[in-house]
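Let me begin by presenting the structure, written as structure tokens, before commenting on it.
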Amino acid sequence: MLADEVRYPDGRRIALEYLVPHGKRDSARIPMEILKRSILWQHAATGYVYPFETYRTLCMEKSNYGGMENVGNTTIITEAALIDKDTVDARLIYAHGVIVHEYEHNHCGSGVTMESPFDMWLNEAYTVDIERQFTASVFNPAFMRLREADAIREPGGGPLAMEDTGAFGQIVRDGFNDPDELVDGVTYVKAPEVLNMLRQLLGWRVYDAGARLYFSRHDGGNANTAQFLTCFEEVSGESLDAFSREWLFSAGYPQVTARYDYDAERRELHLRLAQTRTGRGGVFTLPFSFAAVDARGNDIPGSVQTVRFDTPEAEIVLADIDEPAFLSLNRDAGFYGTCTDLSATPQQLVRQVRGDGNLFNRVEAMRRLTDLERRRLLADPLATASEPWLDLYRHLLLNTLLPDGIRGYLLKIDEQPLDRALLPYVRESFTLRQRLLRAVLADGGESSVFNALHALESRPATLDLPAAIERRSLKNALLNLLSASGTVGAHLALEEMLAGAVNITDRLNTLTAIWQSRHGDRHAILAREGERLRQTPGGYLGYLQVVGQSPRPDVFDAVAAEERRPSFSLSHPGISRALYLPLIRNNAQLWTERGLAWLTQTVIAYAQVSEYNALRLIAPCQAWQSFAPDLRDAVGAALRDMRAALSPSKCPSVAGRLDAYLAMGEKE
């Protein structure tokens, strides 16, 4: 056990105890410091004072969840509760989140407890919102918001994907087969966005007053959704019926479009908004934030606004304003849903990438430009990336003034489009990405990547954890470029970087780049690194996440080989998820005949052990009816095979979800 204490500003002390596996006390020292920092931060942010003398954290080995609060005794999975040299960056960030998350549950969860499982969203939404605020105080807030947006938009598994069909996504559910069904992206990703929007609409002070009223009024008791909303209505003096009806009690999200024009004679900017939605229901009430930006990247005075948008259409007029170079819309993804700027030209998007003062929206503009390239490449199999896009990308390769994490996001070319109309092209997504990566490498581009890597590696090492994590994320974007190269020089460089990697994240990222490349010794390198990485729990989990990422058919043999090892356990959530989840995101192989056969067999076996995790495996299939006809037929057959093999009495959640997926296909 590791013991410590934290002291409130008034001098009151809380004893802290970390119960760890034998010999692991040193691995609890960094988490203990995170806990102490988060307790004081949470007190300053919410006014909460822990009511007991001792707060304990207990490591748990096997769990579907990152942690589980109990009054004064919180369990957290070992790979997040302990930090050592084999803790990857994603786990470091997660540790900061889960530690404050589980502590906050003493306030929201134990201090005030949900009245029924249908109110579970309330406990988790508020707690995740606190978690997000804390991690944004530790790490670059724009970097963290980009990670949150990735979770919202994740193809297949994110809440937007669940709601594209309009059949899933209601926060306050009408029913469930098993309470585990409530532990999903709707509860943990969408629901916190609803509270974020509520705070923007009411203002920070009013929102804070409503939250404090809720916790004081219901302290030591149970509360439901209506009682929570009542507190905010009382302090704000306004009804939240329209807001809550669509956001909490309907499935779907708003699809906002914007058009604007400038009247030079009157010096007026006219911004016209319209919203439609997925799913059934009415018009959403949402905060819409925007700014008009000049040619030097400065927000034009008086143009930075957040307005309430609660009608099908709206017009905003900004008077006595200079003509903007571009508009920066829905800054920081201020509302949950999609926002499409119908007026922005490619030239304006380039200016936005180069100069928007909002770093999040710079990345959004780059993603929009990349989607335009995807559309061009889809239309013409012989086309290559356009020169304007390549010129901008090369500029970003050389731009060292941006924060590393933001630059990494700008340079990252992944398979997740911003344009949701591109999502059905799952089989094409890998090839489109490779064509873009290789276009960057052509005509001397590979030398520019080498130069960028050399400049990055030549910088002095930093002991600042957030800065180091962002630096490694930038390096990974550059490694992905080299992975797409077929040159001997690129392969040798990857080998050298793997041999010189001292950080576990760098090592795993480089190993992934080699495994995904056309390197002739990729199998031998994977096997050698596997022997080394399997020696520690953190290394083993990291290695398993690499295995499923090969874009070639050998990925299935590699996964099967890991399943046969004595160290693998289908019933261990952390181990099995680490091996399987990367493969269900592997668009190059999942949608092949062999891939769908693997998915069918794995889901049937996995559902008998963990319905919760099996639901995550079938999630990429939920939009199957939007796929190309031949793929739609193949996926539909796989879903029917899974359903035929699973008994509703033994696997009610998975069987019920498969029935829902198949029913959506029948409606088409």
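Going from the residue with the fewest nearby Cβ atoms within 10 Å to the one with the most, V283, V363 rank V283, V363.
Between S649, C231, F288, the Cα set farthest toward the positive side of the dipole of the chain (charges on each charged residue's Cβ, about the Cα centre) is that of S649. Taking 7 Å steps out from each Cα toward its Cβ at A421 and N224 produces label points 4.4 nm apart. Only Lys, Arg, Asp and Glu carry charge here, each on its Cβ (+1 for the first two, -1 for the last two); on that basis region 448-530 has a dipole of about 120 debye about its Cα centre. Beyond a 25 Å Cα-Cα separation, which of these cross-linked pairs lie in this structure: K62/K650; K62/K85; K190/K650; K24/K62; K36/K85? Table pairs above 25 Å Cα-Cα are K190/K650. Placing +1 on the Cβ of every Lys and Arg and -1 on the Cβ of every Asp and Glu, with nothing else charged, gives the chain a dipole about its Cα centre of roughly 1260 debye.
Under Stokes-Einstein, with the Kirkwood radius over Cα pairs as Rh, the value for the chain at 25 °C and 0.890 mPa s is 93 µm²/s. Per residue, the chain reaches -17000 deg cm²/dmol at 222 nm when only DSSP H runs of four or more residues are counted, each adding -39500 (n - 2.57). Legend: helices of the chain (whole DSSP H runs) are marked when their alpha-carbon atoms reach 30 angstrom or more along the helix axis and their mean Kyte-Doolittle hydropathy is at least 0.0; nothing is marked. Evaluate the charge dipole of region 543-635 about its Cα centre and quote only its size in Debye, nearest 20, assuming +1 on the Cβ of each Lys and Arg and -1 on the Cβ of each Asp and Glu. The calculation lands at about 220 debye. Sorting the segments 605-616, 144-155 by their mean number of nearby beta carbons within 10 angstrom, highest to lowest, gives 605-616, 144-155. Counting only DSSP beta bridges whose two residues both lie in the chain, roughly 65 percent are antiparallel. Relative protection proxy for 535-545, 470-480, from highest mean packing down: 470-480, 535-545 (other beta-carbon atoms within 10 angstrom).
Bear in mind these aren't lab numbers, they're just calculated from the coordinates by the rules spelled out. Please read these numbers as outputs of a predicted model, since none were measured by experiment. Positions of Cβ are backbone-derived with ideal geometry, glycine not excepted, and every protein chain shown enters the neighbour counts.
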